[in-house]
1. When the chain is fully extended, how far beyond the present Cα-Cα distance does Ile877 get from Asp141, taking 0.36 nm per residue of separation?
2. So what J values fall out for the stretch 1000-1007 if you push phi through Karplus, 6.51 cos²θ - 1.76 cosθ + 1.60 with θ = phi - 60°, rounded to Hz, Gly and Pro as x?
3. Amide H of Gly883 versus every other amide H placed in the peptide plane: which residues, excluding those fewer than 5 positions away on the same chain, fall under 5 Å?
4. Rounding to the nearest 10 and keeping the result within 0 to 90°, find how far the Cα-based axis of helix 483-498 lies from the longest principal axis of the chain.
5. Which cross-chain or sequence-distant (5 or more) residues have an amide H under 5 Å from the amide H of Leu836, H modelled 1.01 Å from N in plane?
6. Compute the distance in nm between two label points, each set 7 Å from the Cα along the Cα-to-Cβ direction, one at Arg976 and one at Tyr741.
7. Toward the positive end of the charge dipole of the chain, about the Cα centre and with charges on Cβ (Lys, Arg +1; Asp, Glu -1), which of Leu836, Ile477, Ile954 goes farthest?
8. Give me the distance between the Cα centres of the stretch 595-615 and the stretch 890-935, rounded to whole Å.
Amino acid sequence: MKNPNNQSYLERLKFDPKLNNSWVARYIGNIRIVLLLVLMIVVLGVASYLDLPRRLNPEIKIPIIMVLTILPGASPEDIESLVTIPLENELKGLSGLDTITSSSRDNVSAITMQFFSSVTQEKAKSDTQNIVDSLSTLPEDAQTPRVNALDFEDQPIWVFALKSTTNDIPSLMRFGRELESNLEEISKVDRVTVTGIETQEVVVEISPEKVSQYGINPLQLSQLIKTAVAAFPAGSVSTAENSFSVTIDPIVEKVSDLRNIRLTVGQQVIRLGDMATVSERSQPNISPSYLANQETAGARVITFSVYKTQTAKIDAAQKEVEAAVTEEITASGNRFAVVSVANSAEEITRQFSDLVGEFRTTILLVFGCLFIFLGLRQAIISSFTVPLTFLSAFVFMNILGMSINFLSLFAFLLALGLLVDDTIVVVSAMTTYFKTNKFTPFETGLLVWRDTIVPIWSTTITTIWSFVPLLLSAGIIGEFIKPIPVVVTVTMISSTAIAVLITLPFMIVLLKPVIARRVLIFVRLFGFTAVALMLFFALTSNPLMPLVLVLFTVTTIIFMRVRKHLGRVTNSLVKKYRLLKTFGAQLKTYSNHGMLDIEVLSEKYYRLILRILASVRARRIVVFGIVLYALLGFVLVPLGLVKNEFFPKVEVDTFYAQVELPAGTTLPVAESEAKQLLEAFRNTSGIEFVVAQVGSGISDFGGVAENSGTLLFTFHLPDKGKRTQSSIELAEVVRHDYKNYAKGKFSIIEQSGGPPAGADVQIQLLGDDLGRLDEYAERLVKKLEVESGVTNVQKSIKPGTSALVFAPSLDKLAASGVDLQTVGMALRTYASGFTLDSVRFGGNGEEEQDVVFRYGSAPPDVHILQSLFVSTQQGAIPISSLGNFKTKANPTVINREAGKRTISVSGAVLPGFSVADKNQQLLKFTEELNLQPGYLWKTGGVNEENAKSIQSIIQAMGVSALLILVTMVIQFKSYRQALIVLLVIPLAVSSVFWIFGLTGTPLSFPALIGVLSLFGIVVTNSMFIVDKINLNQKQGMPFTDAIADAGASRLEPIILTKLATVLGLLPITLADPLWRGLGGAIISGLLIASSIMLLFIPVVYYQWFKGEAKSNY
C-alpha cells in the first residue's frame, strides 16, 4: 500500500538469510516429500472412505433400557400394583440412573429407564438384568421380564407390503410365513417383524359343560401334553457283541396325535379326541393390513420390516434381501407382488446423491470465486486442497469409528466453506509477496510461512473452539449433533495442515515452475488419477460412469499425443490473427491474476480509514451507530419479532393418519372402519398409495408399534420430482378434510427434522389420584382445543370400558376348598384361552406352535361368565356360587414417572404458528390451575428438549467465548487486544437477529448452532487485522498508517475467505429447510458483521491504544 510519507509493510520487508537454515526451508524446498505426503493422504483416504459404514441417521448412543413384563388377564391397575411398582422400587436404586418412567396397560408393564451418558449401554443392561433376575415377588403367572436396550439405529432397512396378485389370502399367508423364515436365514438380516399375517395355533376346544362334567383342569392337561411330546432317554444297555441306547420316543409327533392322549377322569380313561375338538387354525384377533391406491381398492397385504445386523452395511443388506424376495416371488410363479413402503438404502442413496450434487455446486462456486479474484492457477491449487482435506478427514473418521450419514455429510458441507480460508490466505500472501519482484519463489514461501503460520493456526483453533463445546450437549440432541463438531474439527485441522504443508510448497513451484521431466511425468500421472477418482466418486450411482471414465482416458491419451502439434498450431494462429493475440494475452492475465483486482478497493478503504481516524466526530458516529445497531438487533428477540422453532418440518415421502377408536372397540368393528377410511383416503389427489394397519400406532420414539384400538394409515407420496404438492400441504389437506371426524380421535403425524423429541406442546401432570389428575388434564385439553394453530390434542390416559371385577366371598371359597388362583385360571381360560405348551410338530425343521386350551369356538360372551364352573375336589361348582361380578372404572393405561402417577396433555402445532409461542401460552394457563399440594406439573416433548438444547447452547457459547479469549490473550499477550477481537461476536449475533426478523426465518436449534459457529468464524477477520497492526508497528510504521494498512492489506483474504464460506453454504441453505437456519445464521452474520468489522475494529483499536502510540513518538 503506497503512502506519500511512509513505506508499506511489503516495501519495508527484507529477506532474512537465516531462514534458509531452518527445517521449514528443508521441507518446502523438497517437492518429493510433499508429493509422497499427498500420495499417502490419497491412498489412506480412499481406503478409509470405502471402509466407513453408511447410515441414514447419526448414531445416538444414549443408554435407554426397557423392561417389559406380561401378566395375562391383568387390568392396568393390577399390572401397576403387582408388577410395575415392585419392579420400580428395585430398579430406582441403579447406579447412573437419570429418569425412570413406566406404563401399565392390560396384561403389560413397560418400564423405561434413561441413564446418564457416562454409563455404557452394556453396563446399564447388565445391571438391570441382574436386578430383574433377583426379584422373586412378582406373581407366579407373570412371564419372565424381558430386558432390552433401546437402539436408535435399530430401524428397518426395508419395509414392504406383500400382496397376492390373485387375491388368494390363504396362499398369501402361507407364502408370507415361508418368506419370513427364509429372510431370517440371511446372514446380514438380524430379524424380520411381520404385521397382518395369520399365525397358526393348535386349539383344544372343550365346551364349558364338558369341563364341568369331567372336571378338567388345564394345568393337568398341560402337564400331560408336555409329557407326551417329550422323549425320555434312559441310557444304554449292552450285550457281549453290541451296545443299545434305551429311550421312550415322544407319543405326540403330529397334531392328530394329540387326540390319542388319554386322560383319567374318575374311574375311567378317556381319549382327548372324544371330549374335545383338536384342530389347527389361525389365532383369533389378528390385526390385518390393507393397501390401496387410486386404481385399486383395499387389498389384504402382509407388511414386512427387515432389520440388518450391526455389522452389515445398509445398501448391501437391502440388495441381498430384495434379491431373495424377488427369487421367492419368481419361484411362486409371480402369484405375489411387493410394494416398497420405506427403503432406507434408497433414501441413503438419494441423500448422498443430493449432497454430492450440493458438493459439486459448492466446489464450482468456490472455484469460480477464486478464479475471478486470484487467477486460474491459484483457483486450481485452492480447489485441489478440498478433496485432499476430505480424504484426510475420512482417515480420522475411520479411526474414531464414525459413520457417513446425512449429518456428517452436512458437516462436510459446513466445513467446505471454511476449509479453503487457510489456503486462500496462503495463496493470496504468496501472490502478493511475489508481486513485489523482491523475492524468489522459495524466499517468498519462507516469508509467508514466517508471517502467517501463527495467525493461520490461531484462526483455525478459534474456529474449532466454536464447535468443540457442542460436545458438551447432553441427551438425545447432544448425541444427534455430535458428528458436526467432530467432523468440522478434524476437517479444519486437516485443511490447515494441508495449506501450510502442501499448498505453500506447490505455490513455490507454480510461481516459477522448473520441474524435472520425471517429476513432471509423476505429476501428470497423479493428476490423471486424481481426476479419475473424482469422476468415479461423483458418478458412482450413474450407470454411464464406466463410459465416462473410458472417454476421459482415451481423450487424455489423444491429447498427450497431439499436444505439441496443437501448441504449434495455436501459436501460428495467434501470430496470424490480432484478435486471438489480444484474447490470449487477456486470458494469460486472467490465469495469473484473476478477472477483478481488489487493489483498487483496498486503496479506497485505506483512505477511508485514515479519514475516519483523523476525525473525532467520524469515530464517534462509527462507534455509536454500530453499538446502536447491535443493541436493536438483540431487542428483536424479546419483542417476539424473531420466531422460535425447535426443528422445522421437512419435505418427506410419507406421513401418517392415526385414528384412536373408543376403548373396547372390537377387532371386526375396527377393521370395518379401517376399510371405509382407506377407501376414502385412496382417492386423495397427490397420493401414490396408502397402507392401513389395524392395531398399530406411532410410538413415542417415532416408529410403528402395536397399539390395540388404533388404526394407522401410511400415506406414500410419489417421487419429489413428480409431486404437485408438498407433503406438508397434502397432510394439511387430509387434516382439514377430517377435522370433524366423530368416530374416534383423528390425528395427522408428520416428520420434523432432527431426532425424536416428542409432541410440539406437552404438559405432564404428576400426583397420586388419577381422577384428580384427569380433572386437571381435561381443563388443559379444553384450553388447547380452542387454541388456534394447535391440533392432535390428546391425553395420555384414555377412558376405558368398565372392567368386570369378580368379588369373591372368602367364606364360600374356604368352604369349597377353592383358592383365588383356581378361580382366576377359569376366568382367564374362558376369556383368553390357556396355552398348554409350545410344540414343534413334524420334527426339528418345523417352528414351534402354541397348543391352546379354549372353551368352545364361539367368542367369549359376558353372559356365559355366570355359568362357568370351577373344578374342586368335590366336583365342579358354578363360579357364581363363590362370589359376584360388578363393574368398575378401568383406565386403559396408567403412566408413572419418578414414583408418581402422571397424565400428559399434548398437541401438534400447525405450520405457520410458533411452537414456542404456543408453549408459552400453555405454560401460563397451567400456572393458573392452582394444583393442590402433592400435585405438580412439568413440561415435556419439544418444549422440554428445546429448553435443554438452548441451555446447552448457551453453555457452549460461554465455553467457546472463554476458549477464544484465552487463545487471543496467549497470541497477542494483551487483554485489550483480545477483547477487541471478541467485539465482533455480538455484532455477528445481532446481524443474525436482524436478518431473521426481516425475512421471517425462525430461530431453530440448527440456527443456534449456526450462531455458535459464528463465534469462531467471525473473529478470524479481526484476528488477522489486529495481528497485522502489530506486525506493521514492529516494522516501524506510524500508528495510524499501521491500522489503515492492516485492514487494507488484509482486505483481499478477508473478502475471499468470507465469500468462499458464503458460497460454500449457499446451496445447502437454499435446498434444505432443515439446515436453512444454520446456513442462514452463518451467512447473515458473516456478511454483515465482517463488513461492519472493517470499520469498527480500526476505530476501537485506535481509541484504546492512541495514548500509548503518542507516548512512543
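Read-outs throughout are calculated quantities, based only on the coordinates presented, and are distinct from any laboratory measurement. These numbers come from a predicted model, not from an experiment. Here Cβ is always computed from backbone atoms with ideal geometry, including for glycine, and neighbour counts include all displayed protein chains.
1. Numbers: separation 736, 0.36 × 736 = 264.96 nm, distance 2.35 nm.
Full extension from Ile877 to Asp141 adds 262.6 nm.
2. Result, rounded to whole Hz: x, 6, x, 7, 8, 4, x, 5.
3. Hits under the 5 Å cutoff: Ser809.
4. Roughly 30 degrees, rounded to the nearest 10.
5. Val851, Val852, Phe853
6. So the label points at Arg976 and Tyr741 sit 6.9 nm apart.
7. Towards the positive end, the residue furthest out is Ile954.
8. 59 Å
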